[in-house]
Amino acid sequence: MQRSRPSLFHSAAASVLSALAIGALGGCSAAAGLGTTPNVAHATAGVRAPAARRRATTPIDHVVIVIQENRSFDNLFQGYPGANTQSYGLDSQGNDVPLKPVGFTGKVPSVIHTLRGFLGDYDNGNLDGWDTVTKKDAAYSYVPAAQVQPYLVMARQYVLADEMFASNIDASFVAHQYLIAGQSNDEVDFPQGAWGCNSHGKTDLIYQLTAQRTYGAQVPVCQNPQTLGDELDSAGVSWHFYAAATMGSIWSAYQAVSHIYNGPDWTSDVVTPSSQFLADVSNPSKPYLANVTWITPTFTNSDHQGSKSATGPTWVASVVNAVGQSQFWDSTVIFVVWDDWGGWYDHVPPPQLDLDGLGFRVPLLCISPYAQQGVVNHTQLEFGSILRFVENNWSLGQLAASDSRATPADTGCLNYSQAPRTFVPIASVHPASFFLRQPQSAQPPDDD
């Protein structure tokens, strides 16, 4: 069964290139009119009775969750004015280790960020074990400001949260489950082989955490948790999950949810490639933005050190510009978050609230016409905070401990009493057409 929509992607990309040829698009920011073909249907008729549409409780009717990869706060926003950063770390011998600049394309040893990495880095709250996990002090690093300019511009124009913690202590697979379901069945690290609900072999397994934070039993990756998508379906609130690939990607989180993968949502609400988002929002004849959207990148555009690519900030800028220059801007909030610390040093001890969290700090950008300007938000947040905001916004229930305990992500970010701010495009080296030109990637994403 074809579960992606390559034909629309290719026609949208062709429309963009044609527009470029006649001078319709230009500059360093996303422009309106990126696709010229009518959008495909965003529902599958006759397979699920539509629920009555629940109204939002705030002026926000669209939530966009952009999920980037593997960066701690100290690593990505080092020295940002007003933010809590530290320019040195402690090693296992009690020495101060200055953080050194390492760009997105810098050559460093593999930076460990599994359960073993967390336990070593955290070292019972001493935060001095990074050198015991990753060779040559590679984890004591930060990305130079020149390479993250789009992120810095977003922070200056909107809100940067410096007390955002991962809800889990380990790597990407579990983090993405938290971002759709608020929990991951005490699973840890990543699947041991082929994964998801598309295969059922003995390698389609993942370890669970024991009460002692060690590796316990293996359980099937394909499970059936209640997800935010299910809550939204029940409330008649639309959602889409855009992923670079839906097959074999640990960043396509709904692939591990049986009733989604084997139900109507898989073909109507899970979309590939992720650049299709740009064409959908900016389609001049039928623009589309779901009420709740998740977007995961290609490996190249992910900010992951292993990708040896610096296009992540410009990819995110293209997403923000597409929304900002669309008819949806006045009713949207965009949360840009990184899914785990990536093994990079961070000096703030994560509060330990349960067996699986909290993990180390990651950056969170809150972008909206209702966002305060140039504010560093010091409110303690976690991945569950994003879910809790969505749940509050459409009067939904909570899914798990994470979203039940979390402070909603709009706290300290959005001011609903202010007039919607006019969007100012984020300057970027690459326009949206650059990403629509990219071929559908066959490169597997991060495997941790």
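Tabulated data
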{"item": "Yes/no for LEU364 being touching a Leu at 6+ places or on another chain (Cβ under 9 Å), buried (at least 24 other Cβ atoms within 10 Å of the Cβ), under 30 Å from LYS136 (Cα atoms) and aliphatic (A, V, I, L, M)", "result": "yes"}
{"item": "Residues of segment 95-119 classified as part of a helix (DSSP H, G or I) and either crowded, with 20+ Cβ neighbours inside 10 Å or among the basic types (Lys, Arg) (or both), total", "result": "4"}
{"item": "Selected residue (only one of SER302, SER307 is at negative phi and surrounded by fewer than 23 Cβ atoms within 10 Å (Cβ to Cβ))", "result": "SER307"}
{"item": "Contacts under 7 angstrom Cβ, first residue in segment 364-391 being within 18 Å of THR422 (Cα to Cα), partner among the basic types (Lys, Arg), 6 or more apart", "result": "PRO369/ARG421; GLY374/ARG156"}
{"item": "Qualifying positions in segment 184-201 - out of contact with any helix residue (DSSP H, G or I) (no Cβ under 6 Å at 6 or more places or on another chain), on the phi < 0 side of the Ramachandran plot and not aromatic (Phe, Trp, Tyr)", "result": "PRO191, GLN192, GLY193, ALA194, ASN198, SER199, HIS200, GLY201"}
{"item": "Filter result for the condition that a residue is at pLDDT 95 or above and either assigned to a strand (DSSP E or B) or surrounded by fewer than 24 Cβ atoms within 10 Å (Cβ to Cβ) (or both), over GLY193, GLY236, GLY229", "result": "GLY236"}
{"item": "Yes/no for SER395 being in a loop (DSSP other than H, G, I, E, B), surrounded by fewer than 20 Cβ atoms within 10 Å (Cβ to Cβ) and without any contact (Cβ under 8 Å) to a residue 12 or more places away in the chain", "result": "no"}
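For every residue, the table says whether it meets (1) of a type in the set (Gly, Ala, Ser); (2) out of contact with any strand residue (DSSP E or B) (no Cβ under 7 Å at 6 or more places or on another chain); (3) assigned to a helix (DSSP H, G or I).
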| site | (1), (2), (3) |
| --- | --- |
| SER302 | yes, no, no |
| VAL336 | no, no, no |
| ASP346 | no, no, no |
| PRO349 | no, yes, no |
| VAL376 | no, no, no |
| VAL390 | no, no, yes |
| LEU399 | no, yes, no |
| THR411 | no, yes, no |
| GLN418 | no, yes, no |
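The values are calculated or read from the model by the stated rules, or taken from the named source; none is laboratory data. The structure presented is a predicted model; accordingly, all values stated were derived computationally and were not measured. Heads up, the Cβs are rebuilt from the backbone with ideal geometry, glycines too, and the neighbour counts pull from every protein chain shown.
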